[in-house]
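Read through the structure below, which is laid out as structure tokens, and then see the notes.
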Amino acid sequence: MNAITPYPYDASARSGEKPDMWVQEEIFGHRFIEEQKPYMLVLEVLSVCGSVLRHDEELLFAHGFVDETQSETVVTSIAKRGPLRYLLFEDTALEQLKIQESLTDDEKLENLVLELNKGYRARTKRDNAFNYLGQRFRGRFNGLVQAVEIIRSMEIDIISSRRWTSRFLAPRGQSALFSDIGLSLSADRRFFGRGGEVMYLMLSRSKNAIEAAKLIKEQFFSNTDPIGQLLLELDSGVQELTADAPLGYLPLVYHEAYDRLANDWIAILGLPTLPPAQKFEPLFRLSAFNLVRYFMERAAEVSELRDGNGQPVVEPIILDVSGGSLSDLRQRSIGQLRRIRETIDEAVEDYIKSKLSKEPKWKRAIAHEDPGIRFNLAVEAIEQTFKTKTLSKEKLSRRSPEACLSFFVKKATSRSRNNISTLIEPLGKNSGFITARQGAGTWFDASDEFLEALVVGNTGSEAVTIDAFLAGLYTKYRIVIGPNEASQAFVKRAFDPSSFEENMRILERRLIGLGYVRRLSDDCAFVSNPYAS
């Protein structure tokens, strides 16, 4: 039986570290939040990698045996890089000084250092943080301007209005800004909710962890990356770290989803002719999709929805590539997305009822005749089993154990954080596989960028027929695009194959436009990955 790793918080843990209940955490992991966009998930994975590599390069994804008695002993810290963040995302003096024609370059540099020190001290109470720039760029003010402009152009999600300590660069080299920190330059969870830490543990527990670790070091932590070298020149070089902290929590010792995620990372990072800078986007898009698939599988397992072979019965994902023009297919996709969210909520309820039914105190509550004792026993059983004070804080009036249970289930499925059923939509929207349109609904719909991610992550050096490509996506992810996959997914449900046939034709046209499909003289379309050879 697949073991569940132990509860990670002991009696000495601060109350702010612990979640308000331990329900979805033990099903899916701790924790996922809507504010953490898919690219932030990958950045958080890389932040953990960077922390591990600072201690020992051999420890990446190699943290010892995991079972029901012990998890990985991994603590991480964040490289603050306050001066670099301030220079790139908060300073305005550089833009003003570079157009001052009355000053020499050395005077501009001297004034810049003064302004940077002044502004940084006002925000952090740290003195002379930028004196290194005066020494490093003396006689090269224009070089400093160009370096800053180049690095600023690498910012991710540039239109956001987040604070200057929560803005990020595309990952290039060891000085890249992988982590979120607060304005006091301390560790902060506003945008990095631990979802990337959970993904790090998934990669670490996968069968191909060693190969994934090798590629991550080569692609993201290389000392030879020219952008990485430029970052090093702008960075102060002072190693300021946050205090060590334990990682998030991943319940199952092993799951097939860990291997699927790792294999996608390996496939993308191993592409020989795709530049490292261009690998980040398909990586975060497929990583988010893998998480959604993992959530679906865990829900099916918890609710014991299995086929004749004992495999979890996971709802198919009807992926519309027509932009919503195929109304029948769109409506089916809307229904599937709704059903997937429902199965997750149902799994949470099933988990609560199943675990509680085994508790002696709950059995006593059900059997007792005194209403007051029944109520008190029910509250104690729920709060002890799920490590919560939710019912006590609500000051509930006396009610039956069944009513207490219904109240708690509602609370557990309507949380603002680590509520997986509500997380799927923002994950999909920000990765390009879910769209929402007023008057049309919300459904699985593929952007060009997501289609590219599917191709580069799932095709090798040998071209494959489009039929084989779609069959592979169905086998691996349960994605339904064409009629063959629809007939497998809906054996017991009637469907119109014509909309799926048209969906497949539209996919071919889109992939031709993107440069991933070529049609031969024998009227056979082949999907090819130009970066795989």
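The values are calculated or read from the model by the stated rules, or taken from the named source; none is laboratory data. Note that the structure is predicted; figures quoted are calculated from it, not measured. Note that each Cβ is placed from the backbone with ideal geometry, even for glycine, and that neighbours are counted across all protein chains shown. The protein model used for the area step is the full one, side chains on, heavy atoms only, and it has no ligands, DNA or RNA in it. Shrake-Rupley method; radii C 1.70, N 1.55, O 1.52, S 1.80 Å.
Length gain on complete extension for the stretch residue 158 to residue 254, per 0.36 nm per residue less the alpha carbon to alpha carbon distance? Spell out each step's value before the answer.
Numbers: separation 96, 0.36 × 96 = 34.56 nm, distance 3.73 nm.
Extra length from residue 158 to residue 254 when fully extended: 30.8 nm.
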Sort all Cα-Cα distances of the chain into consecutive 10 angstrom bins from zero, then give the percent of pairs in each bin up to the one containing the longest distance. 3, 16, 24, 23, 18, 10, 4, 1, 0, 0
Considering only Cα-Cα distances, which of the following residue pairs are longer than 30 Å: 363/410; 37/353; 387/429; 125/279; 279/476; 37/108? 37/353; 387/429; 125/279; 37/108
If I model a spin label as a point 7 Å beyond the Cα along the Cα-Cβ vector, how far apart are those points for residue 488 and residue 364 in nm? 5.3
Between residue 110 and residue 59, what length in nm is gained on full extension when 0.36 nm per residue of separation is reduced by their alpha carbon distance? 14.0 nm
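Can you pull out the GluC sites (Glu not before Pro) in segment 340-448 that DSSP calls coil and that have at most 10 other Cβ atoms within 10 Å?
On the way: sites: 342, 346, 349, 369, 380, 383, 394, 402; in loops: 369.
Those that pass, being in a loop and sparsely packed, are 369.
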Please give the length that would be gained between residue 73 and residue 357 if that part of the chain were fully extended, namely 0.36 nm times their separation in residues minus their C-alpha to C-alpha distance (nm, one decimal). 99.0 nm
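Apply 1/(1 + (r/R0)^6) to the Cβ-Cβ distance of residue 224 and residue 132, taking R0 = 25 Å, and write down the FRET efficiency to the nearest 0.05. Numbers along the way, then the final one.
Details: r = 23 Å, r/R0 = 0.92.
About 0.60, to the nearest 0.05.
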Taking amide hydrogens as modeled 1.01 Å from N in the peptide plane, which residues meet the under 5 Å criterion relative to residue 480, leaving out close sequence neighbours? 317, 318, 319
Please list, in chain and number order, the residues 5+ apart from residue 74 or on another chain whose amide H is under 5 Å from its amide H, with Hs placed from the backbone. 247
Under the 7 Å Cα-to-Cβ spin-label approximation, residue 189 and residue 475 lie apart by a distance in nanometres of 4.1
Kyte-Doolittle mean at least -0.5, axial Cα span of 30 Å or more - DSSP H helices of the chain: 276-302
Residue-averaged 222 nm ellipticity for the chain, from DSSP H runs of 4+ at -39500 (n - 2.57), nearest 500: -16000 deg cm²/dmol
Applying 1/(1 + (r/R0)^6) with R0 = 45 Å to the Cβ-Cβ distance of residue 442 and residue 376, what FRET efficiency is obtained, to the nearest 0.05? 0.55
Please report how far the C-alpha centroid of segment 300-326 lies from that of segment 82-153, rounded to the nearest whole angstrom. 54
In the chain, what percent of the accessible surface is made up of carbon and sulfur (1.4 Å probe, ligands and nucleic acids excluded)? 49
With unit charges on the beta carbon (Lys/Arg positive, Asp/Glu negative), name the residue among 482, 430, 265 whose Cα is farthest towards the positive pole of the charge dipole of the chain. 430
Run through segment 469-525 and list the trypsin sites (Lys or Arg not before Pro) located in a DSSP loop whose Cβ has at most 16 other Cβ atoms within 10 Å. 492, 493
With the other protein chains left in place, how much accessible area per residue, in square angstrom, belongs to the chain at a 1.4 angstrom probe? 44
